[in-house]
Amino acid sequence: MGHWFSKCPDLIITIMMYSKMAPLLLCVAVMTATAATITISYPENDAGFVAYKQTTQSPCVIGDPSCKAPVGFNYTVLPVNPVNDVYDVFSPDYTVGQINTLLSSLTFALGLDLNDTKNAQTLFEVAMYVGNIKEQSWSSANGFAYKSTNNGTGQSDVNFLGFDLNGFQSTDSVKFYLKMEGVNDGRENLFLVNTAIPPQEQVPEPATYALIGGSILALQILRKRK
């Protein structure tokens, strides 16, 4: 019976008694919640794509030394020249409570800011582990080659949607995983995002300020000539 029971994982055994019959053992399926599937979102496949900004409130879990993060929130710094141009790395361990406090939410996304001025880079997997068990992930067996359209802007070029920590204990450990190949140019930033909060308005870059200033000056000259 013990061996038979082992073949019924996640099931409840019920015993139904019948007269003149031996007890009948039935495996009854337990209704359990299933975590949402992680989906990948980028401008070409999602008309509603939102580029999220990497900020202190959306800190890196894996990234560049320049990543913004609150005091005490550590992240894995990627190497400048990874072996064979491959990133195969985990973030530090966090706790469910730590992430919940930071994001004010147990559901969130991961944004990936790419740096790839040379060629497209190939994404293989982004995953979340809870207690060293892979709970949710996006993966591509053959890899997904993608070249960003906004290289190195501090905004997500790709979003991984659907991460959910509901149902776990606040003290449970959480870590994230990233695998990429063909990496080039600068280092990437993989960061947490509370998708319920609209992205911050983007501040114009210095080059944009210069362009605006030049346009205003040109208009003033034309007016004087008239």
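The values are calculated or read from the model by the stated rules, or taken from the named source; none is laboratory data. Note that the structure is predicted; figures quoted are calculated from it, not measured. Neighbour counts are summed over all protein chains in view; Cβ atoms, including those assigned to glycine, are modelled from backbone coordinates with ideal geometry.
Listed by first and then second residue, the pairs with beta-carbon distance under 6 Å, at least 6 apart or on different chains, first residue in the range 173-202 and free of Cβ contacts under 8 Å to residues at least 24 places away in the same chain, second part of a loop (DSSP other than H, G, I, E, B) and crowded, with 16+ Cβ neighbours inside 10 Å, form an empty list. For the residues ASN159, ASN142, ASN184, the requirement of being more than 24 Å from SER58 (Cβ to Cβ), of a type in the set (S, T, N, Q) and at pLDDT 95 or above singles out ASN142. Is it true that some residue in the range 53-63 is aliphatic (A, V, I, L, M) and at pLDDT below 95? Checked against the condition, which is being aliphatic (A, V, I, L, M) and at pLDDT below 95, the range 53-63 yields no hits at all. Restricting attention to the range 69-119, the residues that are without any contact (Cβ under 8 Å) to a residue 40 or more places away in the chain, part of a loop (DSSP other than H, G, I, E, B) and over 16 Å from GLU188 (Cβ atoms) add up to 5. Does ALA210 qualify as being exposed (fewer than 14 other Cβ atoms within 10 Å of the Cβ) and modelled with pLDDT of 95 or more? No. On the basis of being more than 23 Å from PHE49 (Cβ to Cβ), of a type outside the set (Asp, Glu) and buried (at least 17 other Cβ atoms within 10 Å of the Cβ), does LEU112 make the cut? Considered against the rule, which asks whether it is more than 23 Å from PHE49 (Cβ to Cβ), of a type outside the set (Asp, Glu) and buried (at least 17 other Cβ atoms within 10 Å of the Cβ), LEU112 comes out as no. Of the numbered criteria (1) closer than 17 Å to PHE163 by Cβ; (2) within 14 Å of the chain's Cα centre (by Cα), the one THR95 fails is (2). Within the range 121-147, the residues that satisfy the criterion of being of a type in the set (S, T, N, Q) and either outside the structural domain of ILE99 (by TED's automatic domain parsing) or in contact with a strand residue (DSSP E or B) (Cβ under 8 Å, 6 or more places away or on another chain) (or both) are GLN121, THR122, ASN132, GLN136, SER137, SER139, SER140. Residues considered: LYS68, LYS118. Of these, the only one that is assigned by TED's automatic domain parsing to the domain that holds VAL50, of a type in the set (Lys, Arg), surrounded by 13 or more Cβ atoms within 10 Å (Cβ to Cβ) and more than 26 Å from THR37 (Cα to Cα) is LYS68.
With the requirement that a residue be in contact with a strand residue (DSSP E or B) (Cβ under 7 Å, 6 or more places away or on another chain) and either of a type in the set (Phe, Trp, Tyr) or under 23 Å from GLN155 (Cα atoms) (or both), what does the range 78-101 give you?
If the condition is that a residue be in contact with a strand residue (DSSP E or B) (Cβ under 7 Å, 6 or more places away or on another chain) and either of a type in the set (Phe, Trp, Tyr) or under 23 Å from GLN155 (Cα atoms) (or both), then LEU78, ASP85, VAL86, TYR87, ASP88, VAL89, PHE90, SER91, PRO92, TYR94, ILE99 are the ones that fit.
In the range 150-160, which residues are in contact with a Phe, Trp or Tyr (Cβ under 9 Å, 6 or more places away or on another chain) and either more than 18 Å from THR39 (Cβ to Cβ) or among the aliphatic types (A, V, I, L, M) (or both)? Result: GLN155, VAL158.
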